[in-house]
Amino acid sequence: MLIAQITDLHIVRDGELLSGRVDTRAALAACIKKLATLSPKPDVLLISGDLTETATEGEYAFLTNQLDKLDFPAYVVPGNHDDRATMRRAFPNMATGEEEAPFSYKIDNPDWPLLCIGLDSTVQRRSDGAICADRLAWLQDTLQHATPERPALIFMHHPPFKTGIAPMDACGILDGLAEFQQLIKDHSDRIAGILCGHVHRVIYSSISGVPVLLAPSSAHQITLDLQNDAPLTFTLEPPKIALHQWEEGSGLVSHILYVDHFLGPYSF
């Protein structure tokens, strides 16, 4: 199974630039064009949050219009810039429940060797995240449908670990992190991996042997600065896509693909 992942799209309103510099609409259009040309074709696209910048109907409409250009399915979870109620209107066939209930759900496709789980790590109208008791209980119950032979792949917005980038860690998962990590440890034999975003950089970690990949943004990247007092800034490093290959016996193997076009390939 081949899984494509993009994250932190930050789609802005028509005619605007993010922070006066980044055309996130053009960045997403280029990303979708790249995804559409991939061979082999991904089985699914998972988008791990911050779909929009201000969560307007128009921003989500631009995203859904772009996703309609792909001939494979796409699934989303919210980031801290998103709004659950507006997402439910834009993506009515994903998460059920009340408008502002956590946007969490499972994708149990019998043709896939993985059970995919979208986990909402957000707190409405706040930058930091949380995995509350109700979400932990829901995740534990959902993981009962996974097995070591058909494990779960979790995708979420906030990374379930400290990254060392202080301003982003300050708005990471501030409630329920230890409990979440313990749950992952308890079910590590039935979890293939965890995919997340939020920090706009490629960062690898693990929880009790379960691989965790923090994917880069499809638009702009957060500056890599590991000083404790570093301000939060961004760079115009190239946008990227994460590709995850799952094979029984090999587990999850991840690649990072640049959206930009480069010369080549050339024969050696």
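The values are calculated or read from the model by the stated rules, or taken from the named source; none is laboratory data. Worth saying up front: this structure is predicted, and the values here are computed from it rather than measured. Here Cβ is always computed from backbone atoms with ideal geometry, including for glycine, and neighbour counts include all displayed protein chains. For the accessible areas, the whole protein counts, side chains as well, though only heavy atoms, and no ligand, DNA or RNA atoms are used. Shrake-Rupley method; radii C 1.70, N 1.55, O 1.52, S 1.80 Å.
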Quick one: give the max-minus-min coordinate of the C-alpha atoms of the range 172-268 along each principal axis, largest first, in Å. 47, 42, 19
Heavy-atom SASA rank of Thr52, Thr147 (probe 1.4 Å, accessible area, largest first): Thr147, Thr52
Any aspartates and glutamates with Cα under 12 Å of the Lys41 Cα? List them, leaving off those in the same chain fewer than 8 positions away. Asp71
Nonlocal amide H pairs with Gly172, under 5 Å, H built at 1.01 Å: Gly129
Tell me what the chain gives for mean residue ellipticity at 222 nm when only DSSP H runs of n ≥ 4 count, each as -39,500 (n - 2.57), the sum divided by the residue total, rounded to 500 deg cm²/dmol. -6000 deg cm²/dmol
For the chain, the per residue accessible area (1.4 Å probe, Å²) is 45
Full-extension gain between Ala137 and Thr233, please, as 0.36 nm times their residue separation minus the C-alpha to C-alpha distance. 30.9 nm
What is the distance, in nm, between label points placed 7 Å from the Cα along the Cα-to-Cβ direction at Ala29 and at Ser205? 3.6
Between Phe268 and Ala85, take the C-beta separation as r, use R0 = 41 Å, and let me know the FRET efficiency to the nearest 0.05. 0.15
Please sort by residue number the trypsin sites (Lys or Arg not before Pro) in the range 116-168 whose DSSP state is loop and whose Cβ has at most 14 other Cβ atoms within 10 Å. Arg125, Arg126, Lys162
What is the distance in Å between the Cα centroid of the range 104-148 and that of the range 21-49? 23
What does the C-alpha gyration tensor say about the overall shape of the chain? Classify as rounded when a/c is under 1.5, otherwise prolate if a/b is larger than b/c, or oblate. rounded
If the cut-off is 27 Å between C-alpha atoms, which lysines fall inside it for Lys185, apart from same-chain ones fewer than 8 positions away? Lys106, Lys162
Per its Cα gyration tensor (rounded if a/c is under 1.5, else prolate when a/b beats b/c, else oblate), the range 130-193 is best filed as prolate
Partner lysines for Lys34 [C-alpha distance under 17 Å; skip if fewer than 8 residues away on the same chain]: Lys69, Lys240
